[in-house]
1. Accessible area of segment 159-209 with a 1.4 Å probe: how many percent of it is carbon plus sulfur?
2. Name the residue, out of L176, L198, L26, whose mean-square fluctuation peaks in a Gaussian network model built on the chain with Cα pairs under 10 Å.
3. Assuming 0.36 nm per residue, please report the length gained on full extension of the stretch R127 to T65 beyond their Cα-Cα distance.
4. Given all pairs of different Cα atoms, what value in angstroms does the Kirkwood hydrodynamic radius of segment 2-116 take?
5. Are there any trypsin sites (Lys or Arg not before Pro) in segment 82-129 that are in a DSSP loop and have at most 12 other Cβ atoms within 10 Å? List them by number.
6. For S195 and N37, compute 0.36 nm times the residue count separating them, minus their Cα-Cα distance, and round to one decimal in nm.
7. Can you sort L137, L190, L208 by solvent-accessible area, 1.4 Å probe, largest first?
8. Rolling a 1.4 angstrom probe over the protein chains, ignoring ligands and nucleic acids, what is the accessible area of L7 in square angstrom, nearest 10?
Amino acid sequence: MKIIPSLFESDLSRDWTSLPKTPERLSSVIMPFFSHNSETDGVILTKRSSNLKSHPGQISFPGGTLDKSDSSILDCALREWKEEMGSDPAHLKVHGRWEGYETKTGFHITPFVATYQGNFLFQTDPREVEMTILLPLATLQDVPFFALVVPKRSPEQLIFYFDLPEGLLWGATCDLLVRFLRSYANFNRLPKLVSPNLPQPPFLNPKLL
């Protein structure tokens, strides 16, 4: 699966600095893609430390909340990239700012689409990152892919899940990735609709299906 730059480049904003007008807490992430081989691209994800208070053990994009020291929303994403990955932001070619995303937990996420051009020798911070995941996008055509309907929401909303070997990819990260690939990489795979089998997040354990 290849990302088609000619499709997304015109849709990305080059406004690096203005803050979203929202009552939610501001955060930003890097969506770091890389060239895996001639047939497929890949994306860099992290599995968060299980000791973190916020979203422990979840698979996510590198990023975090806006700090007073950040000069811009992009600066926030690049700072978090450096802190989490131990990698110079100079290894990222930032293409632009994609549409914002509001979570159900009170955060507004500003995603920055980037291409990683480094040597993949990450020095991750073990206090924040349990592991780095270099995910070939073609893998998403083969691993179990589920969706469940968010109850009592109108219009109907879905939560997406990929059951990866490294863990469950779900929530805002999964939704951002699925929407981006549907728009810019011809990802047309449909998930298997399932019912929740857990009473709390992530609401689904694929091993119990």
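The values are calculated or read from the model by the stated rules, or taken from the named source; none is laboratory data. Because the structure is predicted, anything quoted here is derived from the model rather than measured. Positions of Cβ are backbone-derived with ideal geometry, glycine not excepted, and every protein chain shown enters the neighbour counts. Heads up: the accessible areas ignore ligands, DNA and RNA and are worked out on the full protein's heavy atoms, side chains in. Shrake-Rupley method; radii C 1.70, N 1.55, O 1.52, S 1.80 Å.
1. Looking at segment 159-209 in its full context, I get 57 percent from C and S.
2. The residue that fluctuates most here is L198.
3. Answer, rounded to one decimal: 20.7 nm.
4. Result for segment 2-116 stands at 14.8 Å.
5. Within segment 82-129, the qualifying trypsin sites (Lys or Arg not before Pro) (loop, at most 12 other Cβ atoms within 10 Å) are K104, R127.
6. 53.2 nm
7. Listed by decreasing accessible area, they come as L190, L208, L137.
8. 70
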